[in-house]
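The values are calculated or read from the model by the stated rules, or taken from the named source; none is laboratory data. Predicted model, so just to flag it, every value in this text is computed and none were measured. Here the Cβ positions follow ideal geometry from the backbone for every residue, glycine too, while neighbour counts run over all protein chains shown. Ligands, DNA and RNA are stripped out before the accessible areas are found, and what is left, the full protein with its side chains, is counted by its heavy atoms. Shrake-Rupley method; radii C 1.70, N 1.55, O 1.52, S 1.80 Å.
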Amino acid sequence: MKIITVKDYNEMSQKVAEYVIEKVNQNPNITLGLATGGTPLGMYKYLIEDHQKNKTSYQNAQSFNLDEYVGLSQDDPNSYNYYMYNEFFNHIDITKSNVHIPNGNAPDVQKECIDYEALIEKNGGIDLQILGIGNNGHIGFNEPGTSFQAKTHVIDLTPSTKEANARYFHSIEDVPAQAITMGIATIMKSKEILLLISGESKQAALSNLLHGEIDESSPASVLRNHPCVTIFADEDALRDTGK
Ligand code: PGA
């Protein structure tokens, strides 16, 4: 695992964006694995700026998102589908049929998971996966205790995840109880992974990832078994982690 230390959130966003842009330019047919949440917002902003200024093209790229809430329609402002179009896809030239996000409102969510996993496989897997990390060490929505063998599946969100995400909803009761998430095994098959970590609230999760046991109680710890992971971490997240 390589760690790139950055000063703050803005520098992290800029550095990750530069890295992604280089990869997209090297391989215009790249398959990107994309994340939502607060952490990658700055990266998307820099990618859009670069697309407008330097014309980096996503026309032939494919994208697969990590996760989606169960039970929200695709145009619900809290759905990750809405987030992705609003924060990124509507501002770049990606071909809409190349965009893939699990449908949390599918009539049969179990079938949706199987189909999503199969689609990733059919497209040849993910070349570059962007990840954030939950305060509880989750990646995607793979909560502590999720099997490292899990493929795309439906997960019950933990109270700490619901609490962390309640800021986007009227109240914690409105946070969906479940989500569809790529599994740990799905994520681990990506050829390369970039993990973005910013802020004090992520210190414990980062410390566990770097120094804790590689164990299913700490989902992100599995990344130590992956051959090509780069962590972009800011000083607030790294403080007291011994790095
Ligand atoms: P955040 O979420 O970027 O909003 O902190 C990260 C995550 O839950 O994976």
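Which of the three applies to segment 136-206, rounded, prolate or oblate, going by the alpha-carbon gyration tensor with a ≥ b ≥ c and a/c under 1.5 meaning rounded?
Here segment 136-206 falls in the oblate category.
Between F232, F148, F169, the Gaussian network model of the chain with springs among Cα atoms under 10 angstrom shows the greatest mean-square fluctuation at F169.
Here is the list for segment 1-47: trypsin sites (Lys or Arg not before Pro) lying in DSSP coil, each with at most 16 other C-beta atoms within 10 angstrom of its C-beta, are K7.
Computed on the chain, with alpha-carbon pairs under 8 angstrom and 6+ residues apart, the relative contact order is 24 percent. When the residues E117, E22, E216, E235 are ordered by accessible surface, computed with a 1.4 Å probe over the protein chains alone, the sequence from largest down reads E22, E235, E216, E117.
For the chain, the spherically averaged projection of the C-alpha convex hull amounts to 11.9 nm². Residues in segment 125-142 carry Karplus couplings, in order, of x, 9, 7, 9, 9, 8, 10, x, 9, x, 4, 8, x, 6, 10, x, 10, 6 Hz; the curve used is 6.51 cos²θ - 1.76 cosθ + 1.60 with θ = phi - 60°, and Gly or Pro positions show x.
Of the residues S201, S171, S63, the one that moves most in a GNM of the chain with alpha-carbon contacts below 10 Å is S171. Residue ranking by accessible heavy-atom surface, 1.4 Å probe, largest first, among L196, L210, L41 comes out as L41, L210, L196.
Karplus-based coupling profile of segment 39-46, in residue order and whole Hz: 4, x, 4, x, 4, 4, 4, 5, with θ = phi - 60° in 6.51 cos²θ - 1.76 cosθ + 1.60 and x standing for Gly or Pro. Residues H51, H170, sorted by accessible area with the largest first, give H170, H51 [1.4 Å probe; ligands and nucleic acids excluded].
Largest mean-square fluctuation among A106, A220, A205, in a Gaussian network model of the chain whose springs join Cα atoms under 10 Å apart, belongs to A106.
Applying 1/(1 + (r/R0)^6) with r as the Cβ-Cβ distance of A166 and K7 and R0 = 30 angstrom yields a FRET efficiency of 0.55.
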